[in-house]
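**Q** Please read through the structure below; I'll follow up with questions.
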Amino acid sequence: MVLGRYFFANSARFVPARATVNDERILKITGEDGAALAEAPMRWVKISPRLADLPRKLTLPDGATFETLDNDGVDALIGVTRHLVRGGWMDRLERSWKAILVSVVLAAAAAAAFIHWGIPALAYQAAVATPEWVAVSVSDQTMKVLENRYLKPSSVPDGEQARVRKLFDGVAKTGACGPHACRLLFRASAFIGANAFALPDGRVVLTDDMWKLVKSDDELVGVFAHELAHVRLFHGLTRVYEASLVPAAIILITGDLSQISQVAVILPGILIQSAYSRSFEADADRSAMLSMRKLGRKPAAMADLLERLAHKHCGANTCGSNWLGDHPDTASRAAMFRKGR
């Protein structure tokens, strides 16, 4: 016998009651005075699963409900009738330390897999789906941050800037920057040094120190092709979204411009440190090599520039945060470009 409350069908009214099961597997609900309230074959009764100390409900075919806190009593009724309750296994799992341990391990593995594969995949899809106006707004705010802190007007002569821009436009016309309206900006920066980086909307910044370091137009074309590949492949936005999926999602779903500032705060650090993944850099290198060959330039020139950069920035030591810092090692990159000749 199980003590509980009987709720009449389609009503919030209830009375204290008792539930029993006879030899014919008939559930009988009686009041405290022994008066019959309801009965039904157990196979027609829906029994809620056992979950910790939550009340159990036995729902009869007419909608009436018997509710009780006596979980053990309900389990005994089920045992008598050999009535299997869907969801009863949940309680057994909650009481098993082995099941709990397995669940913790599986949850940790799922979290690690999501971080390793899920977030990059979601970030890339978000980057691809980003409207152009968002890319422009993020780039505008990023340039404001950079120009307030790190960038100064360039000292490269106007005539030389015009000549180099023609080289840049030639690379852009090959489709190296995708659908974006790419353009080249010259800036000076003692903090950044010899560097080049691309903003999500297609703006590419070339520092004066980088311009002074290059020794041929082929090297410049290689730098431009590499940076424009980051734009075309959405590397900048993808890296930002990996670091800020929540504000990024708000921007895409609601168009809330207030979230752009949060995204723009992250991007300057990524750009000035060239903090792309090695796979992104390898993709940009391969794309640059193909673009150089398409334009009749010598990919080996990029190998020369990379080695010169490595010597300037790092000497015999490992590179820190700069145009080479998070890239694949210089030797393998140079070998790839020389192989493409």
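The values are calculated or read from the model by the stated rules, or taken from the named source; none is laboratory data. Please read these numbers as outputs of a predicted model, since none were measured by experiment. Cβ sites come from the backbone with ideal geometry, for glycine too, and all protein chains shown count toward neighbours.
**Q** With the condition kept exactly as written, say whether any residue in the range 61-80 is in a helix (DSSP H, G or I), of a type in the set (Val, Ile, Thr) and touching a helix residue (DSSP H, G or I) at 6+ places or on another chain (Cβ under 9 Å). Before you say what the answer is, go through the steps one by one.
**A** Quick first cut of the range 61-80, residues in a helix (DSSP H, G or I) only: 71-80.
So of that shortlist, the ones also of a type in the set (Val, Ile, Thr) come out as 74, 78, 80.
This time we only want the ones that are touching a helix residue (DSSP H, G or I) at 6+ places or on another chain (Cβ under 9 Å), so: 78, 80.
Scanning the range 61-80 turns up at least one residue that is in a helix (DSSP H, G or I), of a type in the set (Val, Ile, Thr) and touching a helix residue (DSSP H, G or I) at 6+ places or on another chain (Cβ under 9 Å).
Every residue, every condition in (1) surrounded by fewer than 17 Cβ atoms within 10 Å (Cβ to Cβ); (2) out of contact with any Gly (no Cβ under 7 Å at 6 or more places or on another chain); (3) at positive phi, yes or no:
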residue	(1), (2), (3)
Phe7	no, yes, no
Arg25	yes, yes, yes
Glu32	yes, yes, no
Leu58	no, yes, no
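**Q** Applying the selection to the range 167-187, what residues are in contact with a helix residue (DSSP H, G or I) (Cβ under 7 Å, 6 or more places away or on another chain), surrounded by fewer than 17 Cβ atoms within 10 Å (Cβ to Cβ) and of a type in the set (A, V, I, L, M)? Can you show your working first?
**A** Filtering the range 167-187 down to residues in contact with a helix residue (DSSP H, G or I) (Cβ under 7 Å, 6 or more places away or on another chain) leaves 167-168, 171-172, 174, 176-178, 180, 182, 184, 186.
Cutting the leftovers down to surrounded by fewer than 17 Cβ atoms within 10 Å (Cβ to Cβ) gives us 174, 178.
Correct list: empty.
**Q** Kindly list, by first and then second residue, each pair from a residue in the range 297-314 that is touching a residue at least 24 places away in the same chain (Cβ under 8 Å) to a residue that is surrounded by fewer than 19 Cβ atoms within 10 Å (Cβ to Cβ) and among the acidic types (Asp, Glu), limited to pairs with Cβ atoms under 9 Å and residues at least 6 apart or on different chains.
**A** Within 9 Å, the pairs are Arg297/Asp217; Ala301/Asp217; Lys312/Asp209.
**Q** Could you run through the range 135-162 and say how many residues are outside any strand (DSSP E or B), surrounded by fewer than 15 Cβ atoms within 10 Å (Cβ to Cβ) and not charged (D, E, K, R)?
**A** Residues that pass the stated criteria total 5.
**Q** Can you confirm whether the range 206-223 contains a residue that is assigned by TED's automatic domain parsing to the domain that holds Val145 and part of a strand (DSSP E or B)? Give the steps one after another, and end with the answer.
**A** From the range 206-223, those assigned by TED's automatic domain parsing to the domain that holds Val145 are 206-223; that's our starting set.
Within this subset, residues satisfying the condition of being part of a strand (DSSP E or B) are 206-207.
Yes, that holds for at least one residue.
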